[in-house]
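Notes to accompany the following structure.
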Amino acid sequence: MSGLQKSPWVIHYDASSCNGCDIEVLACLTPGFDVERFGIVNTGNPKHADIFLITGSVNEQNRAVVRNIYDQMPEPKAVVALGICATSGGIFRECYNVSGGIDTVIPVDVYVPGCAVRPEAIIDGVVQALGILEARRAAMEASDFAAGVMTIERATAADLPELLALQKVAYQSEAEIYGDASLPALRQSLAQMTEDFGRMIFLKGVVNGKIAASVRGFDDGQGTANILRLSVLPYFRGHGLGRRLVTAIEAEFSKVKRFEIFTGHRSAANIHIYEKLGYKRFKAEPFNANVEWVYMEKKSS
Ligand code: SF4
């Protein structure tokens, strides 16, 4: 996270701008203002973004899109409304098809008025958002989850899109370890996850109303509970959430004789968690040229 303080990644969405404000966002990224020299990167993936830059007003067509992008961004995050249309609906706010500014759909942290908004004002808004991100990060570290207050409950079908987004964020670090984005957890579709949901128990760890971690498992009918896809958002790692979730999913299978779990051969953090919980390696199998699965087991007590 200390790296993110200096290298915020932004995502830009044109809700229904006339493109005037969008041109100014582009001006920030091109050599005239060149915010990339400060480490600010424009990403197209909300799962990688820290700051949501949004232009234009809200209407019935883009309401769900704005919400979807916002929901996929990991915590902590900040929203910057750029231009008078995004801040209030602007000159379009009385239109039959405009419902108002961005804060009618998602919480906005920084309002940057202007028509069109100036690049200097955009950069100033991003700097304000950085301060907000830093305060949120500190609050997250100091609050509930650091003290171990995470509620664990069974996930429902309605949670699946959020769980899939969480999984894809959580497994980015695994892809980086192996230089391989083909890991099954990263390629899973919502349809495949829904199929898993029909035959597995899914647990979710909720912190401050958001799903911060998850795990799933199933009984193979031959005395073994297979535990899969432990996923913890990067900001919540190192606080024991993963250990608590694995312990909780084990408790769901009180009749099995053993538990089995697997991870990649260079996933030292995962292996460390599982060893702390009493798991021991018993076999390894190649997955592809980059990854070998290490299988670990533990007897049920
Ligand atoms: S604030 Fe002005 S320039 Fe920006 S999107 Fe609205 S009308 Fe266009």
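A few notes on this one:
- The lone exception for residue 69 - which of (1) more than 30 Å from residue 170 (Cα to Cα); (2) touching a residue at least 24 places away in the same chain (Cβ under 8 Å); (3) among the β-branched types (Val, Ile, Thr) it fails: (1)
- Test: residue 54 is in contact with a strand residue (DSSP E or B) (Cβ under 9 Å, 6 or more places away or on another chain), within 30 Å of residue 175 (Cα to Cα) and without any contact (Cβ under 8 Å) to a residue 60 or more places away in the chain: yes
- Set side by side, the residues 55, 104 differ, and just one is within 16 Å of the ligand (Cβ to nearest atom) and in contact with a Cys (Cβ under 6 Å, 6 or more places away or on another chain), which is 55.
- Residue 78 being among the small types (Gly, Ala, Ser), within 10 Å of the ligand (Cβ to nearest atom) and buried (at least 22 other Cβ atoms within 10 Å of the Cβ): no
- Strands (runs of 3 or more DSSP E) (entirely within segment 59-141) containing at least 3 residues that are more than 19 Å from the chain's Cα centre (by Cα): 98-100, 110-112
- Residue in segment 223-234 that is of a type in the set (Ser, Thr, Tyr) and out of contact with any strand residue (DSSP E or B) (no Cβ under 7 Å at 6 or more places or on another chain) present: no
- Test: residue in segment 229-250 that is over 30 Å from residue 76 (Cα atoms) and either assigned to a strand (DSSP E or B) or free of Cβ contacts under 8 Å to residues at least 40 places away in the same chain (or both): no
- Candidate set from segment 34-55 (those that are in a loop (DSSP other than H, G, I, E, B) and surrounded by fewer than 17 Cβ atoms within 10 Å (Cβ to Cβ)); member that is modelled with the lowest pLDDT: 39
- Boolean, residue 24 is on the phi < 0 side of the Ramachandran plot, within 13 Å of the ligand (Cβ to nearest atom) and in contact with a Lys or Arg (Cβ under 7 Å, 6 or more places away or on another chain): yes
- Selected residue [modelled with pLDDT of 95 or more, surrounded by fewer than 16 Cβ atoms within 10 Å (Cβ to Cβ) and on the phi < 0 side of the Ramachandran plot] from 85, 95, 115: 115
The values are calculated or read from the model by the stated rules, or taken from the named source; none is laboratory data. Computed from a predicted model, the values in this text were never measured in an experiment. With ideal geometry, Cβ positions are generated from the backbone for all residues, glycine too; neighbour counts draw on all protein chains shown.
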